[in-house]
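Okay, structure first, notes after.
The values are calculated or read from the model by the stated rules, or taken from the named source; none is laboratory data. In this text the structure is predicted, and so the values were computed from the model without any measurement. Here the Cβ positions follow ideal geometry from the backbone for every residue, glycine too, while neighbour counts run over all protein chains shown. These area figures cover heavy atoms from the full protein model, side chains too; ligands, DNA and RNA do not enter into them. Shrake-Rupley method; radii C 1.70, N 1.55, O 1.52, S 1.80 Å.
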Amino acid sequence: MNKELGDPLDKGILTENLCLWYTKFQALKDVTIRLVPGIVHGLIGPSGCGKSTLLRCFNRINERIPGVRTTGTVRILGEDIYMPAVDLSMLRRRVGMVFQRPNPLPISVRENVLFQTKIHSGKPDDAIVEAALTEVGLWDSLKDKLNVVGTTLPLEQQQKLCIARLLPMRPDVLLMDEPCSALDPFATQRVEELILSLRGRYTIVIVTHNMAQARRVSDECAFMLLGEMVEYRRTADLFLSPTDDRTAAYIEGRYG
């Protein structure tokens, strides 16, 4: 993905008629959606509805699975990221991802934060570590523990460290796939507070099965069902006055 391509002010995401198949199974069906920059977008729906698949289209990580085929358009920074000339390494620097279970590397906190920076620039700097850990609220608690192995931290700190690891690459988009599913309620609250603190600086897309969480952290929310984009609106409007009966049924707990 090339920085100079597209409008540098447009850091949102646009999909048009996006379809994806896992071999013969169609997981996404003509998904068209515009995610505006600088806010938190929630993706909700029952298991298997396609929300995680859609999320993983935004950095093309689905392509690591044999038999995946994608059609349609995904634009980030105005560039179609499925064009053959797109540099996947650059794309994944600009579109960072946090997974369901924290996955810090079994190296020190300092080395975790600098890991991708070393790969891409060769110029690690402890100022980078301090800035990244400060941004995720870990600096005060870890500034004297930078040599501690990341995998030994409490789960909440591990997940925050995974987010911090992305920030030195200056991503435009942060993808979060059930980032609190492995955390207890208190840690979940603190990670949600972090997500809200990052709003405005990044375009954030979060997949969650927790509808209360979607209401708490997202500005706009999409409901998906059976691979289709059913409804996408301001979060308050989606939950208080859904326009589609299927959305209302899911929110009211009649299925899913």
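Scan the stretch 91-120 for residues that are part of a helix (DSSP H, G or I), in contact (Cβ under 8 Å) with a residue 40 or more places away in the chain and surrounded by fewer than 14 Cβ atoms within 10 Å (Cβ to Cβ) and jot them down. Let's see the steps before the verdict.
So the first thing to find is which residues in the stretch 91-120 are part of a helix (DSSP H, G or I), and the list is 91-94, 109-120.
Those still in the list that are in contact (Cβ under 8 Å) with a residue 40 or more places away in the chain too: 91, 93-94, 109, 112-117, 120.
Within the stretch 91-120, just HIS120 meets the criteria.
Considering only the stretch 20-35, state which residues are open to solvent by less than 10 Å² (accessible area, probe 1.4 Å) and closer than 14 Å to GLY67 by Cα.
Once the filter is applied, which keeps residues that are open to solvent by less than 10 Å² (accessible area, probe 1.4 Å) and closer than 14 Å to GLY67 by Cα, the stretch 20-35 yields LEU20, ALA27.
Restricting to the stretch 47-75, name every residue that is open to solvent by less than 40 Å² (accessible area, probe 1.4 Å), closer than 26 Å to ARG216 by Cβ and out of contact with any helix residue (DSSP H, G or I) (no Cβ under 7 Å at 6 or more places or on another chain).
Of everything in the stretch 47-75, those that are open to solvent by less than 40 Å² (accessible area, probe 1.4 Å), closer than 26 Å to ARG216 by Cβ and out of contact with any helix residue (DSSP H, G or I) (no Cβ under 7 Å at 6 or more places or on another chain) turn out to be CYS49, GLY50, LYS51, SER52, LEU54, LEU55, CYS57, PHE58.
Among the residues in the stretch 81-90, are any touching an Asp or Glu at 6+ places or on another chain (Cβ under 7 Å) and either polar (S, T, N, Q) or loosely packed, with under 14 Cβ neighbours inside 10 Å (or both)? Break it down stepwise before answering.
Just the residues of the stretch 81-90 that are touching an Asp or Glu at 6+ places or on another chain (Cβ under 7 Å), to begin with: none.
Among the residues of the stretch 81-90, not one is touching an Asp or Glu at 6+ places or on another chain (Cβ under 7 Å) and either polar (S, T, N, Q) or loosely packed, with under 14 Cβ neighbours inside 10 Å (or both), which makes the answer no.
Identify, by number, the condition in (1) at negative phi; (2) in contact with a Leu (Cβ under 8 Å, 6 or more places away or on another chain) that GLY137 doesn't meet.
Of (1) at negative phi; (2) in contact with a Leu (Cβ under 8 Å, 6 or more places away or on another chain), only one is false for GLY137: (1).
Show the residue pairs meeting these rules: Cβ distance below 8 Å; 6+ apart or different chains; first residue within the stretch 130-142 and open to solvent by 50 Å² or more (accessible area, probe 1.4 Å); second residue charged (D, E, K, R) and not in a helix (DSSP H, G or I).
Taking only residues 6 or more apart or on different chains, the pairs are GLU130/LYS143.
Yes or no: PRO84 at pLDDT below 95 and part of a loop (DSSP other than H, G, I, E, B)?
So PRO84 passes the test.
Can you pull out every residue in the stretch 35-63 that is within 18 Å of ARG94 (Cβ to Cβ) and of a type in the set (Lys, Arg)?
ARG56, ARG60
Would you pick out the residues in the stretch 59-81 that are part of a strand (DSSP E or B), closer than 23 Å to GLY38 by Cβ and not β-branched (Val, Ile, Thr)? Outline the logic, then answer.
Residues of the stretch 59-81 that are part of a strand (DSSP E or B), as a first pass: 68-76, 79-80.
In the following step, the residues that additionally are closer than 23 Å to GLY38 by Cβ were identified as 73-76, 79-80.
Passing the criteria: ARG75, GLU79, ASP80.
Hey, can you tell me all the residues within the stretch 143-174 that are open to solvent by less than 50 Å² (accessible area, probe 1.4 Å) and in contact with a Pro (Cβ under 6 Å, 6 or more places away or on another chain)?
Correct list: GLY150, GLN158, GLN159, LEU161, CYS162.
Of all the residues that make up the stretch 11-53, how many are of a type in the set (Gly, Ala, Ser) and on the phi < 0 side of the Ramachandran plot? Don't jump to the end; show me each part of the working.
First pass over the stretch 11-53, keeping only residues of a type in the set (Gly, Ala, Ser): 12, 27, 38, 42, 45, 47-48, 50, 52.
Next cut, on the phi < 0 side of the Ramachandran plot only: 12, 27, 42, 47, 52.
Residues that pass the stated criteria total 5.
Looking at the stretch 226-251 only, could you name the residues that are over 22 Å from the mean Cα position of the chain (by Cα) and not aliphatic (A, V, I, L, M)? Spell out how you get there, then give the answer.
So the first thing to find is which residues in the stretch 226-251 are over 22 Å from the mean Cα position of the chain (by Cα), and the list is 237, 240-251.
Residues satisfying the conditions are ASP237, SER241, PRO242, THR243, ASP244, ASP245, ARG246, THR247, TYR250.
Cβ-Cβ under 9 Å, sequence separation 6+ or interchain: first residue in the stretch 182-204 and more than 19 Å from LEU55 (Cα to Cα) and aromatic (Phe, Trp, Tyr), partner assigned to a loop (DSSP other than H, G, I, E, B) and open to solvent by less than 20 Å² (accessible area, probe 1.4 Å). Which pairs?
As it stands, the answer is none, since no pair meets every condition given.
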